[in-house]
Amino acid sequence: MDDGIDAIFTKAKQGRALFQDRSALSPEFIPDHLPFRESQISNIAQVLGTALHGSKPSNLLLYGKTGTGKTAVARLVVRKLQNQDDSKQILATYVNSRIAGTEYRTLFKIAEALPLEEDKRIPLTGLSISEVVGRIFESIAKNGIHFVLILDEIDYLVNSEHETLYQFTRAGEQVAPGFLTIVGISNDLRFKEALDPRVLSSLGEEELVFPPYTTEELRSILAERAKAAFKPGVVPESTINLCAALAGSEHGDARRAVDLLRIAGEVAEREGHQSVDEECIRKASQKVERDRVEEALQSLPLQNKIIIIAASKFPGGTNTGEVYLAYSNLARKSSAEVLTQRRVSGILAELDVLGLVEAAVVSKGRRGRTKRIKVLIDNETLARVIGEDAGLLDLA
DNA sequence: CCTCCACTGGAAACCTAGGCTC
DNA sequence: GAGCCTAGGTTTCCAGTGGAGG
């Protein structure tokens, strides 16, 4: 074991540090210059610029697939807007509704950015949605705030019966003398269809589409980032090309491309390479996928883990009924509650979305209609990751 | 062309754990 | 403490269904 440790350190010593500024590749990093997005930037700047003479800018709606720069562009423009604001009345915040999780937590995050009096703070739970919205409006009005709200993945808010979005777009009077401008961001191009037309008309006053980056554009972006992040000469052009090609084949996702490059750099450094070669990119690509699966697996609730173990007993794939049978046995054995088949069917659908299981609906004619279920994780990984759970050791 | 299986997936209702207000 | 609220997971109920076998 000691040899292993020594070997790692020796390698680390040999390889010189390849990074000069790792943060230039971090997911939160927003460069001052976003190439190929000049027109979107100037568009947004023009709209939001109104706020500098104290009147309310139009609401904005930004569309485009993941990694097309929507979030970065919105945050960059808003950041510069705040820098230009001498009156210091402009307040901006960024909330991702999907990451926040629920409508209530989204509002909670929004409220965090606002000055709230001691007795008006928002608790993690307990208040009605309308009460929280009321407190947010009150704070904006009282302090005369010019509030620019960037709502990322806004699609997660449309299916609410509270009509929070509607209230937000119609805040007008209630927040005077302050105002509330919404910059909505959506990955889902069909999201408009689900939106209440009243909301759409005011939310979509200005609409902007972000097309995916081409492989060539990705290459140029990566080259620029690599120049800032790595020491000169450690990232050959072929590496950039491969990285761009890998990400480009996945619909021009710049975030993925940048992630890949960062991890490849870490791999190269750890293994004591003098440069980040194509091999490192390939390894990084595998690592990203492996991490995603293990993380998803680990954070699964107990019942979902038992279900996936049950499903893994059928390497060739099976159907819902079989999985349910196996599951209920396992659950009883580990003295967990036994859920209904309806719920198990639902959980299998969730696992499908996570990409841990393949659950396609198939019809077998006379023999009914069910999901064809196949676990997409090999049994060793499953045993290793889930085996850490005491109580589930008696599995495979 | 019709049947009928083994479910699917929508809807509503229920439950628990948290927190509010009075 | 009583009587409200919410989130989020679950159960209950059930109409709906693709297509192989008749």
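The numbers here are math on the coordinates, done by the rules we state, and not lab data. This is a predicted model, so every value here is computed, not measured. Cβ sites come from the backbone with ideal geometry, for glycine too, and all protein chains shown count toward neighbours.
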* Structure fact -> For chain A the mean separation of alpha carbon contacts under 8 Å (6+ apart) over residue count, i.e. relative contact order in percent, is 18
* To do: If a/c stays under 1.5 just call it rounded; otherwise compare a/b with b/c (prolate if a/b is bigger, oblate if not). Do that for chain A, with a ≥ b ≥ c from the square roots of the Cα gyration tensor eigenvalues.
  => oblate
* To do: Please give the net charge around A:I377, taking every other residue with its beta carbon less than 14 angstrom from that of A:I377, where Lys and Arg add +1 and Asp and Glu add -1.
  => -2
* Asked: How large, in Å, is the range A:239-278 by the Kirkwood hydrodynamic radius built from its alpha-carbon pairs?
  -> 10.3
* Structure fact -> Distance in Å, no decimals, from the C-alpha centre of the range A:318-343 to the one of the range A:214-288 is 44
* Asked: Karplus couplings for the range A:322-329 from phi (6.51 cos²θ - 1.76 cosθ + 1.60, θ = phi - 60°), rounded to Hz, Gly and Pro as x?
  -> 4, 4, 5, 4, 4, 4, 5, 4
* Kirkwood hydrodynamic radius over Cα pairs of the range A:215-296, then Stokes diffusion coefficient at 25 °C and 0.890 mPa s, in µm²/s -> 197
* Structure fact -> In deg cm²/dmol, rounded to the nearest 500, the helical mean residue ellipticity at 222 nm of chain A, built from -39500 (n - 2.57) for every DSSP H run of length 4 or more, is -15500 deg cm²/dmol
* Asked: For the residue pair A:L52 and A:Q20, what label-to-label distance in nm results when each label sits 7 Å from Cα along the Cα-to-beta-carbon direction?
  -> 3.3
* From the backbone phi of the range A:292-297, what are the Karplus-calculated ³J(HN,Hα) couplings (6.51 cos²θ - 1.76 cosθ + 1.60, θ = phi - 60°) in whole Hz, Gly and Pro given as x? -> 4, 5, 5, 5, 4, 5
* How much length, in nm to one decimal, is gained on full extension between A:E322 and A:T214, taken as 0.36 nm per residue of separation minus their Cα-Cα distance? -> 34.4 nm
* To do: Using θ = phi - 60° and the Karplus relation 6.51 cos²θ - 1.76 cosθ + 1.60, list the HN-Hα couplings for the range A:342-350 in order, rounded to whole Hz, with x at every Gly or Pro.
  => 4, 5, 4, 4, x, 5, 4, 5, 5
* Would you grab the residues whose amide H sits under 5 Å from the one on A:E358? Only those 5+ places off in sequence or on another chain, please, with H modelled 1.01 Å from N. => A:K374, A:V375, A:L376
* Asked: Where does the Debye-calculated log10 I(q)/I(0) of the range A:44-116 sit at q = 0.20 Å⁻¹, using only Cα point scatterers of equal weight, no solvent?
  -> -1.03
* **Cβ-Cβ FRET estimate between A:A176 and A:A7, R0 fixed at 56 Å, reported to 0.05** => 0.25
* Asked: Using a simple spin-label model with points 7 Å from Cα along the Cα→Cβ vector, what separation in nm is obtained for A:E237 and A:R290?
  -> 3.2
* To do: Could you pull out every residue, at least 5 positions away or on a different chain, whose amide H is within less than 5 Å of the one on A:N319? Hs are placed 1.01 Å off N in the peptide plane, and Pro or chain starts have none.
  => A:I373
* Asked: Where the centre of each part is set by its Cα atoms, how far does the range A:68-143 sit from the range A:361-380, in angstrom?
  -> 44
* Asked: If you rank A:Y63, A:Y213 by fewest surrounding Cβ atoms within 10 Å, what's the result?
  -> A:Y63, A:Y213
* In a solvent-free Debye calculation with one equal scatterer on each Cα, what is log10 I(q)/I(0) for the range A:69-169 at q = 0.11, 0.12, 0.13 Å⁻¹, listed in the order of the q values? -> -0.34, -0.40, -0.47
* Using a Förster distance of 35 angstrom, determine the FRET efficiency expected from the C-beta separation of A:R98 and A:D32, and round it to 0.05. => 0.85
* Asked: Just how many pairs of Lys in the range A:38-209 have C-alpha atoms closer than 16 Å, counting pairs that are eight or more places apart or on different chains?
  -> 7
* To do: Over the alpha-carbon set of the range A:38-209, divide Rg by the Kirkwood Rh and report the Rg/Rh ratio to two decimals.
  => 0.93
